[in-house]
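Enquirer: Sharing a structure, written as structure tokens. Questions coming.
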Amino acid sequence: MSNPTKNALITGASRGIGKATAIAFAKAGYDLYLTCEKSIDALYELARQLEKEYNITCTAVQADMGDFSDVKELFANIEELDVLVNNAGICHSGLLNDMTVEQWHRVMAVNLDSCFYTCHAAIPLMLKKHSGKIINVSSVWGTQGASMEVAYSASKGAVNTFTKALAKELAPSNIQVNAVAPGVIDTDMNACYTQEEMSALIDEIPAGRMGTPEEVAALILQMATAPAYLTGQIVTMDGGWC
């Protein structure tokens, strides 16, 4: 008898790490719920492509994961969930003194509040099965801190402690909570760097290159299928950089 199909929700899935993760999970046979805030046409196209190529069900939803009402509406249409990947995130580069209160709260809403919103909704679905995997996408800056990216670093540091604390809370219920902390990955989020700045950054990385979204996606998929004893971990993937 074949194993029943599993369901995964991947937020921020229209590009970069989220898109690569959606493709990796589709290849593995998961039915998917995918979200994005702005690039909904691209997400619809990705969903159609994955359904056709991998014979899965893929639902694309436009939602602001930093808005509780959007997340609540999203979960109103999800009856079962095996894996939650909290990938939606934004960065803000600049001096803290130049940052507005609104910009600060927006970074925190998308990067941190979204994890609370989705976990709050997903946990009851996982408790029904007495199983589940929650994987948060963090950053090396969550442990190291980055000049000119104070809000982003703070939000990801909070994601790390959120992950560790929730893992302890849910371990008795056989729900595992882990985080992936990528280093410099070749995504649009790094478009703020000049070519000269990026070259200098890569020179600092022992692997001599940026990571790829596909590499991060492969790690996320591995964590979704890892033994249940792996929980509460922040797994860094940075080419030996930090």
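Enquirer: Loop-only check: which GluC sites (Glu not before Pro) in region 139-242 are DSSP coil with at most 15 other Cβ within 10 angstrom?
Expert: Within region 139-242, the qualifying GluC sites (Glu not before Pro) (loop, at most 15 other Cβ atoms within 10 Å) are Glu204.
Enquirer: Given contacts defined as C-alpha pairs under 8 Å and at least six residues apart, what's the relative contact order of region 52-209, whole-number percent?
Expert: 23
Enquirer: Continuing with the same structure: Where in region 22-53 are there trypsin sites (Lys or Arg not before Pro) that are in a DSSP coil and have at most 13 other Cβ atoms within 10 angstrom of their Cβ?
Expert: The qualifying sites are Lys38.
Enquirer: Just report the Cα centroid separation between region 174-233 and region 106-145, whole Å.
Expert: First find each Cα centre; the distance between them is then 17 Å.
Enquirer: Report, ordered by chain and residue number, the lysines lying within cross-link reach of Lys133, taken as a straight Cα distance under 20 Å and ignoring same-chain residues fewer than 8 apart.
Expert: In chain and number order, the partners are Lys6, Lys19, Lys27, Lys72, Lys156, Lys164, Lys168.
Enquirer: Excluding residues fewer than 8 places away in the same chain, name every one of the aspartates and glutamates whose C-alpha is closer than 16 Å to that of Lys52.
Expert: Leaving aside aspartates and glutamates fewer than 8 places away in the same chain, those within reach of Lys52 are Asp31.
Enquirer: Run the dipole for region 1-145 about the Cα centre, Lys and Arg Cβ at +1, Asp and Glu Cβ at -1, nothing else charged, and hand back the magnitude in debye, nearest 20.
Expert: Here the size comes out at about 480 debye.
Enquirer: Run lengths n ≥ 4 of DSSP H only: what is the helix-derived mean residue ellipticity at 222 nm for the chain, with -39500 (n - 2.57) per run over all residues, to the nearest 500?
Expert: Computed ellipticity for the chain at 222 nm equals -13500 deg cm²/dmol.
Enquirer: Counting pairs of alpha carbon atoms under 8 Å apart in space and at least six apart in sequence, what relative contact order in percent does region 1-62 give?
Expert: 33
Enquirer: Could you check what % of the DSSP bridge pairs in the chain are antiparallel, to the nearest 5?
Expert: 0
Enquirer: Helix by helix, which DSSP H runs in the chain go 20 Å or more along their axis at the Cα atoms and have an average Kyte-Doolittle hydropathy of 0.0 or more?
Expert: Helices passing the filter in the chain: 114-129, 150-170.
Enquirer: Considering only DSSP states other than H, G, I, E and B, which chymotrypsin sites (Phe, Trp or Tyr not before Pro) in region 148-242 qualify as loop sites with at most 13 other Cβ atoms within 10 Å?
Expert: For chymotrypsin sites (Phe, Trp or Tyr not before Pro) across region 148-242 that sit outside H, G, I, E and B with at most 13 neighbouring Cβ atoms in 10 Å, the list reads Tyr229.
Enquirer: Could you give the accessible area per residue of region 88-241, probe 1.4 Å, as a whole number in Å²?
Expert: 49
Enquirer: Just Gln103, Gln176, Gln62 to compare: in a GNM of the chain, with alpha carbon springs under 10 Å, which one fluctuates most?
Expert: Gln103
Enquirer: Let me know the charge dipole size of the chain about its Cα centre in debye, to the nearest 20, where only the beta-carbon of Lys, Arg (+1) and Asp, Glu (-1) is charged.
Expert: Magnitude of the dipole: close to 840 debye.
Enquirer: While we're here: Using +1 at the C-beta of Lys and Arg and -1 at the C-beta of Asp and Glu, which of Ala217, Ser173, Thr236 has the Cα lying farthest in the positive direction of the dipole of region 165-242?
Expert: Ser173
Enquirer: Taking all protein chains as present, what is the carbon and sulfur share of the accessible area of region 1-78, in % to the nearest whole number, probe 1.4 Å?
Expert: 44
The values are calculated or read from the model by the stated rules, or taken from the named source; none is laboratory data. These numbers were taken from a predicted model, which means no experiment stands behind them. Here the Cβ is made from the backbone with ideal geometry for all residues, glycine too, and neighbour counts use every protein chain on show. Surface areas here come from the heavy atoms of the whole protein model, side chains and all, with no ligands, DNA or RNA. Shrake-Rupley method; radii C 1.70, N 1.55, O 1.52, S 1.80 Å.
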